[in-house]
Amino acid sequence: MNVKVVEYSLNWKMWFHTIENRLTDAIKGIDYNIEHIGSTSVEGLDAKAIIDIDIILTDFCDFEFAKSALKSMGYVYRGNLGLEGREMFSLTNPEYPHHLYVCDPNCLAVKNHIAFRDHLRLNKQTASEYAALKKALAKKFPTDIDLYCEAKSEFIANVLAQCHFDVSELNAIKNANTMDNDKANNPYMTK
């Protein structure tokens with residue numbers, strides 16, 4: 001996968017809301033929350049033009065219902081790719097490029113995604129530093145998404161440490177973003 005970090009686009013909000021509305025229409029009858037996560041969810045932050053979305057189920061026992069609803073929309077279930085409580089779905093030819101995850105509300109991925117996003121939204125200097133790092137890494141690893149993600153891990157862990165993540169959580173997140181973790185076709189845990 002090519003790594004191309006581009007300037008922030010207001011279109012990303014529109015893309016998210018369009019996808020969110022379609023998901024909301026399809027997944028009725030269970031309790032959930034849809035979150036725009038990743039760099040495209042932080043206004044002004046340069047990013048890869050791919051929307052990251054978490055559908056956070058209030059009760060993860062509703063996963064099969066959500067899976068069926070997403071299948072009826074054309075989504076393909078890809079499994080958890082080694083991250084418990086975070087199930088990935090993809091479309092073959094989406095109108096708007098995106099990664100979709102159905103998540104257990106108590107999984108580390110959700111805690112990670114929300115905390116990192118919210119920290120960047122509130123701390124423009126940190127967001128600016130992150131954007132600069134991502135641009136540099138995209139130039140260094142233009143065709144290797146795994147190395148790109150792994151190289152961001154220390155920065156992400158430092159931010160999450162400020163958000164009161166404990167050492168075991170930080171180690172789990174770093175491990176999820178390393179080449180040692182077999183993640184064939186796994187885009188990444190933290191955007």
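Points to keep in mind about this one:
- Residue check for Phe116: in a helix (DSSP H, G or I) and open to solvent by less than 60 Å² (accessible area, probe 1.4 Å): yes
- Number of residues in the stretch 69-119 that are at pLDDT 95 or above, farther than 23 Å from Thr178 by Cα and in contact with a Gly (Cβ under 8 Å, 6 or more places away or on another chain): the value is 1.
- Residue list for the stretch 91-102, restricted to those being of a type outside the set (A, V, I, L, M) and within 11 Å of the chain's Cα centre (by Cα): His98, His99, Tyr101
- If you check Gly79, Gly85 for being on the phi > 0 side of the Ramachandran plot, among the small types (Gly, Ala, Ser) and free of Cβ contacts under 8 Å to residues at least 12 places away in the same chain, only one passes: Gly79.
- Qualifying residue in the stretch 135-156 (condition: part of a helix (DSSP H, G or I) and closer than 12 Å to Leu45 by Cα): yes
- Residue list for the stretch 69-81, filter: out of contact with any helix residue (DSSP H, G or I) (no Cβ under 7 Å at 6 or more places or on another chain) and in a loop (DSSP other than H, G, I, E, B): Gly74, Tyr75, Asn80, Leu81
- Evaluation of Pro105 against (1) in contact with a Phe, Trp or Tyr (Cβ under 8 Å, 6 or more places away or on another chain); (2) assigned to a loop (DSSP other than H, G, I, E, B); (3) under 24 Å from Val6 (Cα atoms) (one fails), failing number: (3)
- Looking across Glu43, Glu64, one residue alone is open to solvent by 40 Å² or more (accessible area, probe 1.4 Å), acidic (Asp, Glu) and in a loop (DSSP other than H, G, I, E, B). It is Glu43.
- Residue list for the stretch 1-40, restricted to those being in a helix (DSSP H, G or I), open to solvent by 30 Å² or more (accessible area, probe 1.4 Å) and among the hydroxyl-bearing types (Ser, Thr, Tyr): Thr18, Thr24
- Selection of the stretch 99-112 for residues being surrounded by 18 or more Cβ atoms within 10 Å (Cβ to Cβ) and under 21 Å from Lys28 (Cα atoms) yields His99, Leu100, Tyr101, Val102, Cys103, Asp104.
- Among the residues making up the stretch 91-135, a single one is acidic (Asp, Glu), touching a helix residue (DSSP H, G or I) at 6+ places or on another chain (Cβ under 8 Å) and under 19 Å from Phe16 (Cα atoms): Glu95.
- The criterion of being closer than 12 Å to Tyr101 by Cβ and either touching a residue at least 12 places away in the same chain (Cβ under 8 Å) or in contact with a helix residue (DSSP H, G or I) (Cβ under 6 Å, 6 or more places away or on another chain) (or both) holds for Ile51.
The values are calculated or read from the model by the stated rules, or taken from the named source; none is laboratory data. A quick note: this is a predicted structure, and the numbers were derived from the prediction, not measured. All Cβ positions, glycine included, derive from the backbone under ideal geometry; neighbour counts span all protein chains shown. Surface accessibility is based on the protein's heavy atoms, side chains included, excluding ligands, DNA and RNA. Shrake-Rupley method; radii C 1.70, N 1.55, O 1.52, S 1.80 Å.
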